[in-house]
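Below is one structure, written out as structure tokens; the observations come after it.
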Amino acid sequence: MHPFDPDFLDGFLTFAGLAAVIYVASLVVLFSVGLGVTWLNQRHPERRIQSRHSSRQAKEDIKSSLVQLLVTSLCLSAGLFAQHQGWTIAPFELSWWSAPVFFAVSVLLHDTWFYWGHRILHTKTFYRFHKPHHLNITPTVWSNDSGSTVDTLFAHTYYALVLFVVPIPPVVLLAHRLFDQVSALVGHCGFEHFAGRMARAPWLMLCTLFHDQHHQYFVYNYANYFSFWDRLCGTVHPDYDKRVKWFEALYSRGTSQEAASSPAQAKD
């Protein structure tokens with residue numbers, strides 16, 4: 001197709017406009033959630049997971065995130081644009097029951113995609129692409145999206161490809177991406193605010209501690225939303241459940257300074 005063909009230009013402008021809207025929305029989420037969680041962290045210093053502080057400045061992480069959020073926005077826009085053009089499986093009709101069902105399906109699929117892609121990134125061949133993200137041994141809310149473009153593509157080409165095999169309604173995929181971004185920001189914030197019974201065995205949900213331990217120890221806790229794959233494959237950190245219980249006890253004791261040091265933190 002000739003680049004000056006009206007249909008080509010219309011398609012390009014549609015894609016560019018979609019990508020621009022998604023990118024701006026991603027930045028709004030980044031800064032609104034980032035500032036909100038930072039405020040919450042400052043109110044609860046005793047909930048810091050690691051005793052050491054991040055050696056990287058927030059400015060560096062934000063700068064990298066601005067680029068990588070653009071990459072993610074292009075991946076999501078590519079999938080939605082392909083669906084709009086009729087190149088993918090036709091989306092299922094949106095209804096009161098199909099929305100939660102396809103949301104759950106997408107989250108489960110992405111968690112599987114993320115786990116195995118993450119494991120690949122930790123191999124000798126690919127770790128060089130993942131290493132920039134792991135410069136944050138003590139992650140902060142601003143370090144979630146910082147890293148290399150190859151790293152981002154491993155996680156987020158899911159959004160460009162999934163609609164070719166699963167008829168997810170577009171608004172549901174957008175909702176999944178919003179959930180993904182917010183949960184990942186909280187998961188990198190370095191403070192534990194959501195520990196509870198559902199975040200430890202025998203349940204499969206996660207809290208912030210899960211991914212924080214991945215940054216701290218590197219070879220544990222690879223998954224994104226659930227602990228299923230890590231528990232099945234033996235890659236969950238051996239102290240994860242015990243530390244979740246410790247934070248639960250901290251909440252029940254209140255915010256006294258006496259409650260602010262755990263045996264695990266003393267090893268940091």
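Under the condition of being outside any helix (DSSP H, G or I), among the hydrophobic types (A, V, I, L, M, F, W, C) and modelled with pLDDT of 95 or more, which residue from the range 177-194 is farthest from residue 23 (Cα to Cα)? Per the criteria, the residue is 191.
When residue 161 is tested against (1) touching a residue at least 24 places away in the same chain (Cβ under 8 Å); (2) surrounded by fewer than 18 Cβ atoms within 10 Å (Cβ to Cβ); (3) not in a helix (DSSP H, G or I), only condition (3) is not met. Filter the range 73-111 down to the residues that are assigned to a helix (DSSP H, G or I), over 22 Å from residue 30 (Cβ atoms) and of a type in the set (Ser, Thr, Tyr) and list them by number. Result: 98, single match. For the range 59-98, the tally of residues that are over 25 Å from residue 160 (Cβ atoms) and either under 18 Å from the mean Cα position of the chain (by Cα) or at pLDDT 95 or above (or both) stands at 3. The number of residues in the range 127-136 that are outside any helix (DSSP H, G or I) and crowded, with 17+ Cβ neighbours inside 10 Å comes to 1. Once the range 246-266 is narrowed to residues that are surrounded by fewer than 15 Cβ atoms within 10 Å (Cβ to Cβ) and of a type outside the set (S, T, N, Q), the residue that is modelled with the highest pLDDT is 249. Considering the range 137-155, and only residues there that are farther than 20 Å from residue 33 by Cα and in contact with a Leu (Cβ under 8 Å, 6 or more places away or on another chain), the residue that is surrounded by the fewest Cβ atoms within 10 Å (Cβ to Cβ) turns out to be 154. None of 177, 200 is crowded, with 18+ Cβ neighbours inside 10 Å, within 16 Å of residue 49 (Cβ to Cβ) and among the basic types (Lys, Arg) except 200. Going residue by residue through the range 49-65, is there one that turns out to be surrounded by 21 or more Cβ atoms within 10 Å (Cβ to Cβ) and not in a helix (DSSP H, G or I)? Yes, because at least one residue in the range 49-65 is surrounded by 21 or more Cβ atoms within 10 Å (Cβ to Cβ) and not in a helix (DSSP H, G or I). If you go through the range 100-126 and keep only what is small (Gly, Ala, Ser) and either touching a residue at least 24 places away in the same chain (Cβ under 8 Å) or buried (at least 19 other Cβ atoms within 10 Å of the Cβ) (or both), you end up with 106, 117.
The values are calculated or read from the model by the stated rules, or taken from the named source; none is laboratory data. Since the model is a prediction, treat every value here as computed from it, not as a measurement. Positions of Cβ are backbone-derived with ideal geometry, glycine not excepted, and every protein chain shown enters the neighbour counts.
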